[in-house]
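> So that we are looking at the same thing, I have put the structure below in structure tokens.
Bear in mind these aren't lab numbers, they're just calculated from the coordinates by the rules spelled out. All values derive from a computational prediction rather than experimental measurement. When we count neighbours, we look across all protein chains shown, and the Cβ atoms used for this are built from the backbone with ideal geometry, even at glycine.
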Amino acid sequence: MLSLLEGLLPKEEPPEILDVAATATAETARLPSHTEKKLSELNIVRLYVFCLAWSLGAFLEHEDRVKLDNFLRDESEFTLPLPKPTGSSSETLFDFLLKGERWCPWAKEIKDCALPENYLNELFSFMVPNVDNIRTTFLIDLVAKQVKNRIYVLAC
């Protein structure tokens, strides 16, 4: 869960290093200030919910994800900022992506699909985008940004 959370938090820009000897003495040299990206408490809780869902729910089948979603919505003693279903009432937490400070359906991330010109030669490498592909690619990219050794086990 920590790896997912690290990947979702905005990166802080490191302060520039000053050549103290060339610019001033150690007493008068100052590091330039940089703006820190502040997250609201609500957004931090949303990040936590997203990480919690995918840390626990990534290995679950759809039926079990529905049960986890129902538990977090109805039976949990905590009030969590879960996404509200936008279309179908069968949408769960796992059907939404945390984008900035709001929940967006994964389905809105699907781009138009066009066949390449020589698609007959490359048909084996062509992937039609769907919610599962988009979601899996996003989560793998998110964890891969950590530049740490990982092993991925994906079921086909």
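> Which distance in nm do the two modelled labels at LYS148 and ALA107 give, with both placed 7 Å along the Cα-to-Cβ direction?
In this crude label model, LYS148 to ALA107 measures out at 3.5 nm.
> Give me the extension gain from PHE78 to HIS62: residue separation times 0.36 nm, minus the current Cα-Cα distance, reported in nm with one decimal.
Using 0.36 nm per residue and subtracting the Cα-Cα distance, I get 3.4 nm.
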